[in-house]
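To start, I am sharing the structure in question, which I have written as structure tokens.
The values are calculated or read from the model by the stated rules, or taken from the named source; none is laboratory data. Remember, it's a predicted structure, so these values are computed and weren't measured experimentally. Counting neighbours? That spans all protein chains shown, and the Cβs are built from the backbone with ideal geometry, glycine included. Heads up: the accessible areas ignore ligands, DNA and RNA and are worked out on the full protein's heavy atoms, side chains in. Shrake-Rupley method; radii C 1.70, N 1.55, O 1.52, S 1.80 Å.
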Amino acid sequence: MGDSMTELELETWIVEVGGDVVEQQSVRGREAMTPIEKLIYCVWVADYGMRNAGDLETAADVYAPFQGEAAALAADLGLARTRAAFELPTSDLEQQYFDLLSAVGGEISARYDATSR
């Protein structure tokens, strides 16, 4: 899908691909996941918290290291926008989450689509 996702397409992508990644994690285990799958999981966790509770505290209840792990994985994968977003202080990420999501989601989906073919 890449950088041209609409808000609805992005939300759908996170829910669908994130759900697939969550399922794969439960089947294969976290150790068997690729770095991009682990990053998608971290973003799915953040998105879950923001959409369902309006905060990242809920995300941390689901998977505590989501933010630091997302920043590190994004750095390793060369995803600058995602890295910058997840390196923000938690309160700033929480406040700017939906504004940053389009760039982050576009960057991650483009990489995921390119590696999953």
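Which value, in debye to the nearest 20, describes the size of the charge dipole of the chain about its Cα centre when Lys and Arg Cβ atoms bear +1, Asp and Glu Cβ atoms bear -1, and nothing else is charged?
400
Going 7 Å from the Cα of Glu87 along its beta-carbon direction, which residues of segment 42-77 have the amide nitrogen within less than 17 Å of the resulting point?
Label zone hits: 67-77.
Compute the FRET efficiency between Gln96 and Ser116 as 1/(1 + (r/R0)^6), taking r as their Cβ-Cβ distance and R0 = 35 Å, and round to the nearest 0.05.
The value I calculate is 0.80.
Given a 1.4 Å probe, how much area per residue of the chain is accessible, in Å²?
51
May I pose another question? Label Asp61 and Leu8 with points 7 Å out from Cα along Cα→Cβ: what is the distance between them in nm?
Simple spin-label model gives 3.1 nm for this pair.
Counting helices only, and only those DSSP H runs with n ≥ 4, report the 222 nm mean residue ellipticity of the chain as the sum of -39,500 (n - 2.57) divided by its residues, in deg cm²/dmol to the nearest 500.
So the helix-based figure for the chain works out to -26000 deg cm²/dmol.
Would you mind telling me the share, in percent, of accessible area of segment 44-117 contributed by carbon and sulfur at probe 1.4 angstrom?
On segment 44-117, the fraction of accessible area on carbon and sulfur atoms equals 48 percent.
Can you sort Tyr63, Tyr48 by 1.4 Å-probe accessible area, starting with the largest?
So, going from the largest accessible area down, we get Tyr48, Tyr63.
Please get the size of the charge dipole for segment 72-117, origin at its Cα centre, with Cβ charges of +1 on Lys and Arg and -1 on Asp and Glu, quoted in debye to the nearest 20.
Computed charge dipole of segment 72-117: roughly 240 debye.
Okay, next question. In the Gaussian network model of the chain, springs joining C-alpha atoms below 10 Å, which of Ser91, Ser26, Ser102 carries the largest mean-square fluctuation?
Ser26
Show Val15, Val104, Val62 ordered by accessible area, largest first, where the area counts protein heavy atoms only and the probe is 1.4 Å.
Solvent-accessible surface, decreasing: Val15, Val62, Val104.
Round to a whole angstrom and tell me the spacing of the C-alpha centers of segment 92-117 and segment 1-79.
Spelled out, the Cα-based centre of one part sits 9 Å from the other.
Evaluate the relative contact order of segment 1-83 (contact order divided by residue number), counting alpha-carbon pairs under 8 angstrom at least 6 apart; express in whole percent.
23
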